[in-house]
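Every number in this text was worked out from the coordinates using simple rules, so none of it is lab data. Predicted model, so just to flag it, every value in this text is computed and none were measured. Using ideal geometry, Cβ is built from the backbone for each residue, glycine included, and neighbour counts are taken over all protein chains shown.
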Amino acid sequence: MRSMNKLIVAMTIITLGGYAQLAKADYPSAVGESHPDFALPRIDNGEAVRLSEFRGRRVLLVHFASW
Amino acid sequence: MLGVTQEQHAERCRLFAQWQKLDWPILHDPINKLGVDAVPIIVEIDESGITKSINPKLEPFLAAMTETRPAGNGESAERSIKRPELTALRQNAEQLNSFDHWVELGDAIMLWEDQSQVSQAINAYRRAERLRPEDASLHFRLGTALRTRYDAYQRDGTTRAQSSYTPFSAPGTTSLGILAKRDQDFRAAVDHWQTALDLEPNQYIYRRRIQQYGPRLAKPYPFYDWIAQAQDEIAARGEAPIELSVALTGSETAHPREKFAEIAETQEEPDRSGRITRDSKGLVQAEVVVVPKQLKPGAMARVHINLQPAFDTHWNNESGPLVLWLDLPPGWETEGQLFRSNMPPAAESEERRTIDFELKLSESAQSPGMPKAYALYYVCEESRGTCLYLRKDIEIPIEVAAE
């Protein structure tokens, strides 16, 4: 994936079924259920970010890898 | 937009984000604490924290996000996220001695502590392993922690010296012994990742971590071949590219390919007569990691040979490079037999040097002998001031499976 465009293309592909068959049943949570909260460090400064900080806003949570 | 990357090395993703000008926060989950089975996965979460859709169409969402993006990269002004309290986690783990508590302690160290503490995470995971030896996610975590220690050890020359210097050695423990233990970390990491994948063969994250260090044939596409282009383009913009703390291996940049290239030139064995003095004192330690370690006829493996000067020893770069000669018995194929390692410009150095290459077991191979190699290098003993040209014979352990 060499560009954001390619990233978006790849992400769009998975909506059509690319890797979706590999997705585990319990992660992410099913549509309509509360998404599990978590805290992880940022890659740039190590600062902790918790998903629940974003309550009150819509969030697009993107799991990806630069490879 | 909030990203989560499951990569081993965070700074490679930082470089990618810099190159692509991704301005949203990206979080690091090298141990796959979230339990993601594949990437990419996109989850749309509404204002109440409810999962609204999985892998949605992106364009409408991105348009809406642009219009409503809050200032400051989506972060609130008064943030106070507490990191886990290690002392309490350790006390809980020791008192309750449960699998979950040991894993929680290991995770907290892996995610939130400096990499110099990684041995404590490994110890915590080992305690969990005793309680539940067949847990795939634990083996993946152990592999990641061991590889982290291996990389930390490579990254900092002082770490090498400090790790191997032990004025109060336990009986039977030498500084070289400790050095050798650290140098087994990569092999142990691959073993744990393989165990994790054997237990959960559909886990894409586990599979990719092994492929990262495996042969080209096993990869659907390269891992980090974009890095050189990214560094050039970032520099052309007048920015300094994010520095990579861990050098890329050949397996991480190699393109998928099924056949070997022709050997371009005749390669002459450097010590055919075997007269170069053997490194009997172990001034340089060798670690061999084969991915995968078991092959069937017709299959390929990636071999990583890591060579590290022991405490009180350094490479003598003025005299010449390290070379490695690969000695293949019938039944094996490769692209070359003679390899040279890169050298830093300094007259002397003490970094770990890695040579990696691929081997293929012929379709028709029956009871093939094991490949061997030897390295030739110039090193100096610091205490005596003696500089030597030495040879180290290296076994390449590959298990041959029945067809």
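Data table
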read-out	value
Virtual spin-label span in nm between B:Ser280 and B:Arg340, 7 Å along Cα→Cβ	3.1
Peptides B:234-240, B:349-355, B:137-143 ordered by average Cβ neighbours within 10 Å, highest first	B:137-143, B:349-355, B:234-240
Phi to ³J(HN,Hα) by Karplus 6.51 cos²θ - 1.76 cosθ + 1.60 over region B:229-234, Hz, x for Gly, Pro	4, 4, 4, 5, 5, 5
Residues with amide H under 5 Å from that of B:Ile50, placed H, sequence gap 5 or more	A:His35
Spacing of the two label points (7 Å from each Cα toward its C-beta) at B:Glu269 and B:Ser319, in nm	2.3
Backbone N within region A:41-63 under 19 Å of label point (7 Å from B:Arg83 Cα along the Cβ vector)	A:41-51
Computed E for B:Asp100/B:Ala228 - FRET, C-beta separation, R0 41 angstrom, nearest 0.05	0.45
Proximal aspartates and glutamates to B:Lys52, defined as alpha-carbon separation beneath 20 angstrom and excluding residues fewer than eight positions away on the same chain	A:Asp26, A:Glu33, A:Asp37, A:Glu53, B:Asp37, B:Glu44, B:Glu67
Potential extension, B:Tyr389-B:Asp23 segment - 0.36 nm per residue separation minus Cα distance	126.6 nm
Partner chain coverage, peptide B:3-15 - average Cβ within 10 angstrom	5
Euclidean distance between Cα centres, region B:98-152 to region B:366-381, Å	33
Gyration tensor (alpha-carbon) shape descriptor, region B:223-363, a/c threshold 1.5	oblate
Cα-based Lys proximity count in region B:258-400, under 21 Å, for pairs eight or more positions apart or on separate chains	11
